[in-house]
1. Would you check if there is a residue in the range A:43-66 being farther than 17 Å from residue A:255 by Cβ, of a type outside the set (D, E, K, R), assigned to a helix (DSSP H, G or I) and within 14 Å of another protein chain (Cβ to nearest Cβ)?
2. Can you find even one residue in the range B:101-108 that is away from every other protein chain (no Cβ under 14 Å), in contact (Cβ under 8 Å) with a residue 24 or more places away in the chain and either under 20 Å from residue B:179 (Cα atoms) or not polar (S, T, N, Q) (or both)?
3. Scan the range A:234-245 and give yes if some residue there is at positive phi and touching a helix residue (DSSP H, G or I) at 6+ places or on another chain (Cβ under 6 Å), otherwise no.
4. What number of residues within the range A:6-31 are in contact with a helix residue (DSSP H, G or I) (Cβ under 8 Å, 6 or more places away or on another chain) and within 13 Å of another protein chain (Cβ to nearest Cβ)?
5. Which of the residues spanning the range B:31-58 are surrounded by fewer than 16 Cβ atoms within 10 Å (Cβ to Cβ), at pLDDT 90 or above and more than 12 Å from chain A (Cβ to nearest Cβ)?
6. Looking at the range B:50-94, which of the residues that are among the small types (Gly, Ala, Ser) and in a loop (DSSP other than H, G, I, E, B) is nearest to the chain's Cα centre (by Cα)?
7. Please pick out the residue among A:166, A:175 that is closer than 30 Å to residue A:258 by Cα, buried (at least 16 other Cβ atoms within 10 Å of the Cβ) and of a type in the set (A, V, I, L, M).
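The values are calculated or read from the model by the stated rules, or taken from the named source; none is laboratory data. Keep in mind that what you see is a predicted model, and the values were worked out from it rather than measured. Heads up, the Cβs are rebuilt from the backbone with ideal geometry, glycines too, and the neighbour counts pull from every protein chain shown.
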Amino acid sequence: MNIYQHEFKMNLKSVVIWSVSITILLLAFMSLYSSFAADAELLNQMMDKFPKELLMAFGMTDMDMSTVLGFYAIVFLLCQICLAIQAANYGFSLVSIEERELTADFLLAKPVGRPMILTNKLLSAISGLTITNIVVWIITFFGIGIFRNGREYDTRTLVLLLLSIVLFQLFFLSVGMVISLLVKRVRSVTPYSMALAFGMYVLNAFGNMIGEESLEIISPFKHFEPTYIVKHAAYNLPLVLISLSVIIVSVAASYVLYSKRNILTPV
Amino acid sequence: MSIIEINKLTKYYGKSRGIVDVSFNVEEGEIFGFIGPNGAGKSTTIRLFLSLIYPSSGSAKIFGKDCIQYGPEIRQDIGYLPSEVFYYEGMKVLDLLEYSASFYNKDCTKRLHELADIMELDLKRKIDDLSYGNKKKVGIVQGLLHQPKLLLLDEPTSGLDPLMQQKFFNLAREENKRGATIFFSSHILGEVQKMCSRVAIIKEGSIINIQDIKTLQKDNYKKIRVQADELDEKRFEVDGVSKLVKEDGGVSFFFKGDINAIMRLIGEKEITDVTIEEPTLEEIFIHYYE
């Protein structure tokens, strides 16, 4: 329990910064909705003029931007990118930070086993991500309430969309963690987490553009594609199951790798 | 009872050597010195005790229990001072020490403050802002506050000024009197000589000698310096003499063998002065490293 508390405290500042940033991002983009919706016809005409491939890359085909959720789906995609970077950041630094800052020699010399340490750290990171998750929920409902201009939307679909955040975050957290344990040393977290988050994003965009489905299969941006969820008012279940399996495998592998890991002194 | 028993402990990092076939025992209540130059495998050995790294082969037992299997249990009674200083970003000294104390099944608050007083440590400061020596002090207090039965000290005095070193040695001796066994790794021989009852010498990953400090000094070599007006150093080129050096107005050398023979050799000539000393560990040590 003491490790959890310690980790949570160390992480709190970062959680607050991410939550505030995402809040600003969400509110800024959602505030544009009223002007977009007013000229809905014009907007949809303009969208038609864009090359189809470009729209596909952003998952914006067949999307009516004048509806509340059609518009929010695009905003949510931006939010997903931020959530991905945040979760990947926590994943990559979860264990590697101890080796970088020499605190592994402090923590691992204490009378606790490594699985216990990892569990505490993992729970602390998940708690942090959950706070950000809750903030997204609150800001979304708040923002839509203010900016929807009296237009209707399907609450159930919105809830479905927001519920996808949990698995989406866990994907990046667990994959980041397992990669950090597979490599010998993570010197700096940011390049790794940027590469993972944007890599997955680009993979999905690219896959959409050229219609190559095999590329999409590994990207959670595809598994939880907002426009798909809004259009169908449902998840793409087989893809969601892929995400879930990746999470389970990554977490299990992390426990094995961490328990066997040789903690090297930094050079 | 042996507090530490290691048997043919070997560690390779990929292809590069850590330690090879290291075996020795450390008995209860001992202050055991572990001497070797940088890169000889001192830290590797200590980190194996703590299961920070895992052996390639061989085994290590502490308190009679396997280091890996019973890791968390035995670490309850181990105090470890790493050679490198560490810190959690933005943490105050007191926060870190209380965090450290929270891992042990006893109340360490009183001892924590006692130790901080002795080491003159300001508990309210942030660790990031401390000098290297002060960070080292945090490490010392952190390693001692739960009154461990075994202390693993990895080059504990580096970065401490002589006064603090003295305080630290006194602390370690007190802990030893209380019953703690101390495993003391260092490349500074003087401090090991002062502190330890037995010493193991490690070189390129292998133990080359384990001896009682007293026998190490006694049985081996005498350091002899002879002063005379005219002295041909060649007359001392006999069996048992090494490191013969002609100095201004005399010669000095190390001698191992029948002390009577060398005394006669010195006595035959008119000399002005002679000194016969125990060599320092340093001098013995250099001998081992040749």
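1. Scanning the range A:43-66 turns up no residue that is farther than 17 Å from residue A:255 by Cβ, of a type outside the set (D, E, K, R), assigned to a helix (DSSP H, G or I) and within 14 Å of another protein chain (Cβ to nearest Cβ).
2. No: zero hits.
3. No, the range A:234-245 has no match at all.
4. 6
5. Within the range B:31-58, just B:57 meets the criteria.
6. Going through the qualifying residues, I end up with B:83.
7. The conditions single out A:175.
Residues checked against (1) outside any strand (DSSP E or B); (2) under 30 Å from residue B:168 (Cβ atoms); (3) under 26 Å from the mean Cα position of the chain (by Cα):
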{"site": "B:184", "(1), (2), (3)": "no, yes, yes"}
{"site": "B:209", "(1), (2), (3)": "no, yes, yes"}
{"site": "B:226", "(1), (2), (3)": "no, no, no"}
{"site": "B:235", "(1), (2), (3)": "yes, no, no"}
{"site": "B:254", "(1), (2), (3)": "no, no, yes"}
{"site": "B:264", "(1), (2), (3)": "yes, no, no"}
